[in-house]
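For reference, the structure discussed in these notes is given below.
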Amino acid sequence: MKKWFAFLLLLPAIGSAANQRDLDKLAGLKKSQTTIHLDLSKTDLRGYPFIPGKIDLRAANLSHSNLSGVNLSKMDMTNADLSYSDLSNAKLNQASLANANLRHANLSGAELDHSDLSQADLSFANLSSAHLQQSILSKSNLSCANLNEANLNKSTFNGANISGATFVNTLTTDLVGYESVTDQKISCELIS
């Protein structure tokens, strides 16, 4: 009976492009395993229906994973490793990504409105055309990040590092704490 129930939970995801072995990693999880940090690195999770409170992504390893177009709104991914992940066009509205590793992540076109990215490592991340309205980027590392055509209206930048970041056609109305950012001249090609 439990196997049949697990199959029904994954039924919406089977029709997507996600790899079934990657989805099976999620099917075997129990809610009581909240102290175990998930290792979903290098997985294809497109189409998986993430539901806040059903899976614990705090400190999870999602590096090099494909989460393109996935709805992760209101998920708690504090301290998660999302480095080199594809989060293009993902929905991350009201998500907690505090202290997350998003180094080299592709967040182009992602929705991150009202999200907490405080102390996150977004160095070399692609945030082009991303929506970050009223998000918290305090003490985050945005060095060498691509923020071209992003919407940063009313976001908080207290103590953020924007050295080498690009802001072409970026919306920056009513930013909070921007006067305290670190912006040094660095060569991003040499550091990556």
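List the residues, sorted by chain then number, that are 5 or more residues from Asp39 or on another chain and whose placed amide H is less than 5 Å from its amide H.
Asn61
How much length is gained on full extension from Val168 to His37, taking 0.36 nm per residue of separation minus their Cα-Cα distance? Please list the in-between numbers first.
On the way: separation 131, 0.36 × 131 = 47.16 nm, distance 3.76 nm.
Contour length minus Cα-Cα distance gives 43.4 nm.
Report, in debye and to the nearest 20, how large the dipole of segment 75-154 comes out about its Cα centre when Lys and Arg carry +1 and Asp and Glu carry -1 on their Cβ.
Working: 4 positive and 8 negative charges, 32 e Å.
So the dipole magnitude of segment 75-154 works out to roughly 160 debye.
Against the empirical 2.2 N^0.38 Å scaling, what ratio does the C-alpha Rg of segment 106-192 come to? Can you show the working numbers first?
On the way: Rg = 11.4 Å, N = 87, 2.2 N^0.38 = 12.0 Å.
Cα Rg divided by the expected 2.2 N^0.38 Å: 0.95.
Amide H neighbours of Asn71 under 5 Å, at least 5 residues apart or on other chains, H built in the peptide plane: list them.
Phe50, Lys91
Please give the Cα centre distance for segment 145-187 versus segment 72-129, rounded to the nearest Å.
15 Å
For the cross-link pairs Lys91/Lys139; Lys54/Lys154; Lys91/Lys185; Lys74/Lys185; Lys74/Lys139; Lys54/Lys139, which exceed 27 Å when the distance is taken from alpha carbon to alpha carbon? Walk me through the intermediate numbers first.
Details: Lys91/Lys139 23 Å; Lys54/Lys154 31 Å; Lys91/Lys185 32 Å; Lys74/Lys185 35 Å; Lys74/Lys139 21 Å; Lys54/Lys139 30 Å.
Those over the limit are Lys54/Lys154; Lys91/Lys185; Lys74/Lys185; Lys54/Lys139.
Whole-Hz ³J(HN,Hα) for each residue in segment 110-116, computed from phi via Karplus 6.51 cos²θ - 1.76 cosθ + 1.60 with θ = phi - 60°, x for glycine and proline: what do you get?
Coupling constants for segment 110-116: 6, 9, 10, 4, 6, 9, 9 Hz.
Apply the Karplus parameterisation 6.51 cos²θ - 1.76 cosθ + 1.60, with θ equal to phi minus 60°, to every residue of segment 99-105 and state each ³J(HN,Hα) to the nearest whole Hz, in sequence, with x for glycine and proline.
6, 6, 9, 10, 4, 6, 6
What are the ³J(HN,Hα) couplings of segment 146-156, residue after residue, when phi is run through the Karplus curve with 6.51, -1.76, 1.60 and θ = phi - 60°? Round to Hz, x for glycine and proline.
9, 10, 4, 6, 7, 10, 10, 3, 6, 7, 9
The numbers here are math on the coordinates, done by the rules we state, and not lab data. Here the structure is a predicted model, which is why all the values come from computation and not from measurement. Cβ atoms come from the backbone with ideal geometry, glycine included; neighbour counts cover every protein chain shown.
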